[in-house]
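Notes to accompany the following structure.
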Amino acid sequence: MKALSIRQPWAWLIIRPDVTDPPERAALYKSGQIKDVENRDWPTHFRGPVLIHASKGMTRDEYGYCLRLSESLGVKLPPMDELERGGIVGMATITDCVIHSNSPWFFGRHGFLMRDAKVLPFTPFTGALGFFNVPESALKVEVAL
């Protein structure tokens, strides 16, 4: 299955493990409190389910920037040391790749629109640049597409 490495806390903001109630998640998508765009310098034609891999790297400056942005949107991030890193944390569906968006999370050259994000049990796994393959046998749970 395809996976995409995303630095924390951006990966957490996509999967939002703190919100499990479907109507509440839908309301948070609508209000911009779930990150619905992954920004990249490169476009993709890929559409469909993708595993969300939380990269190992995260600096205090990156966390601080994301914390300020999140708070301005009404989202409370967990402390830096509580964010899982270096493995698969969830999955989402890429529905499009855009160069313009009204989402408060869009600030890249290209934005991968992310929908239907969900949490998966943390699975340590080495990430890679771009999309990379993760065998389903490596995951701690069977992934329903």
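Bear in mind that the values in this text are calculations on the coordinates, not laboratory data. Source: prediction; values computed, not measured. Heads up, the Cβs are rebuilt from the backbone with ideal geometry, glycines too, and the neighbour counts pull from every protein chain shown.
Taking the Cα-to-Cβ direction at residue 133 and at residue 109 and moving 7 Å from each Cα, how far apart do the two end points lie in nm?
2.8
Which translational diffusion coefficient, to the nearest whole µm²/s, is obtained for region 2-124 from the Stokes-Einstein equation, given a Kirkwood hydrodynamic radius over C-alpha pairs, 37 °C and 0.692 mPa s?
228
Distance between Cα centroids, region 83-135 to region 11-65: provide it in whole Å.
After rounding, the separation between the Cα centres reads 6 Å.
Let me confirm the definition first: pairs of Lys residues in the chain, 8 or more apart or on different chains, C-alpha distance under 18 Å. How many are there?
Lysine pair count for the chain: 7.
How big is region 38-81 in terms of Cα radius of gyration and Dmax, in angstroms?
13.5, 35
Please state the shape class of region 64-145: rounded when a/c is under 1.5, otherwise prolate if a/b exceeds b/c and oblate if not, all from the C-alpha gyration tensor.
Oblate shape, in that a/c is at least 1.5 and b/c is the bigger or equal ratio.
Apply the Karplus parameterisation 6.51 cos²θ - 1.76 cosθ + 1.60, with θ equal to phi minus 60°, to every residue of region 110-126 and state each ³J(HN,Hα) to the nearest whole Hz, in sequence, with x for glycine and proline.
10, x, 8, 6, 10, 9, 6, 5, 8, 7, 10, x, 4, 10, x, 6, 6
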